[in-house]
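Colleague: For reference, the structure I am asking about is given below.
The values are calculated or read from the model by the stated rules, or taken from the named source; none is laboratory data. The shown structure was predicted, so the numbers you read here are calculated from the model rather than taken from an experiment. Glycine also receives a Cβ, built like all others from the backbone with ideal geometry; neighbour counts cover every protein chain displayed. Surface areas here come from the heavy atoms of the whole protein model, side chains and all, with no ligands, DNA or RNA. Shrake-Rupley method; radii C 1.70, N 1.55, O 1.52, S 1.80 Å.
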Amino acid sequence: MSQSSIRGVQDLKRKRKYLSIDQKIDLIEKAERGYSVTRLAQEFNIGRATVCDIKKPTRSRKFHRAKGIAVSVDSIRNAAERLAEKLNIDNFKASTGWVCRFKERHGIINKKICGEALSADVGSVNAFKYKLSQHMVSNNLSWFQVYNADETGFNWKCLQRNTLASRLEESIPGRKVSKERISALLCGNADGSHRTKCAIVGKSANPRALKNCMNRLPVVYNIKNAWFTQIIFEDWFQNHFCKEVRKHQINERGIRPADVKAMLLVDNAPAHPIAKLTSPDGKITCMALPPNTTSLIQPMDQGVIYALKRLYKRAMNVEIMEVLLSQEDERLNKDTRASRTLENFKKYSIKDAIYIWAKQWNELKVTTLKNAWNKILSLVPGENEDEDD
């Protein structure tokens, strides 16, 4: 008789045994430390099938989380009731109280699923990094000649949703969240020495707040329902990016006009017409990143966009609530301060948002821009000799 048959006979002869909650927790902890099913069955004197049934809820939760699938309270409740049925536990009900105690015992908390890491194509990263390093070497491109551009959307008039309050306050009333949205394009080179002027896409062609100052804005302003399109991106590349790159290399780097060259890295979004993104002289070109690698190697997505949004929100809140910080306001009562702050919020316009965004972009630390390239240029032999001190 085979070993598996003998084990099956032994399981049939074994008397039914019920484990306490503490014993089940001990079993699960040992299973997570790597104990085999056979060893656990022998130690707790239960069948191998019973061990698998006890392990199943924990294993299922971890599997779903690893796949990026949300695990809800209902999932835990249903799994517990199925397990109780298999273990012949009568009168068990996974009530709200039981679920709360289960979460507390096992240290389970509710967390927001964020990022795109589980959708990323890890396998294509190293191949592209090698391709990029070879392209830079063969075309004699320095770090300051390699750029990355990426778009992001943000609510330019959305105040912070958290506030300092006393523990005795049961609830904090709020106001309707503003959903006025614009999109911004950020672009900078690998050594952090040059960042191009931001491009902003809004919804209104001629906002009242921008009247008489459209030509003096610190950004490139376009309109198309707050979304970048191929036409807008190509116009930005030909009429703004190429010109700014030439100006930077000639004036700041002392490069002759005939020797100006650069490469722009972009993701494979529909708004990026890669085939059309080449300067008339062919010296400034574009290369597409592999699909689904934004969260892994796209420089602007490695903390640059996040840092800029944080700086913008902080500056916007200071701008709107500046009345609370002024010396003149110290002698005003609380109601007057609140009403004046609300009035500042109502007056906050797209013009204010554009100027604050541009100011924060220009003041973003050079190290933030440089460090964002560490992952994608790790195979490039040596850093640019013109690196800032």
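Colleague: Of Asn239, Asn215, Asn206, Asn189, which residue is of a type outside the set (Lys, Arg), closer than 30 Å to Trp143 by Cβ and without any contact (Cβ under 8 Å) to a residue 40 or more places away in the chain?
Modeller: Going through Asn239, Asn215, Asn206, Asn189 in turn, the sole match is Asn239.
Colleague: Do we have any residue at all in region 212-228 that's modelled with pLDDT of 95 or more, closer than 22 Å to Leu289 by Cα and open to solvent by less than 90 Å² (accessible area, probe 1.4 Å)?
Modeller: Taking every residue of region 212-228 in turn, none turns out to be modelled with pLDDT of 95 or more, closer than 22 Å to Leu289 by Cα and open to solvent by less than 90 Å² (accessible area, probe 1.4 Å).
Colleague: Step by step: first the residues of region 230-289, then only those that are among the aliphatic types (A, V, I, L, M) and part of a helix (DSSP H, G or I), then the one that is surrounded by the most Cβ atoms within 10 Å (Cβ to Cβ). Which residue is that?
Modeller: Val245
Colleague: Something else now. Within region 57-74, is there a residue that is in a helix (DSSP H, G or I), surrounded by 15 or more Cβ atoms within 10 Å (Cβ to Cβ) and either among the hydrophobic types (A, V, I, L, M, F, W, C) or modelled with pLDDT of 75 or more (or both)?
Modeller: Looking through region 57-74, at least one residue is in a helix (DSSP H, G or I), surrounded by 15 or more Cβ atoms within 10 Å (Cβ to Cβ) and either among the hydrophobic types (A, V, I, L, M, F, W, C) or modelled with pLDDT of 75 or more (or both).
Colleague: Any residue at all in region 294-304 that's open to solvent by 20 Å² or more (accessible area, probe 1.4 Å), within 25 Å of the chain's Cα centre (by Cα) and of a type in the set (Asp, Glu)?
Modeller: yes
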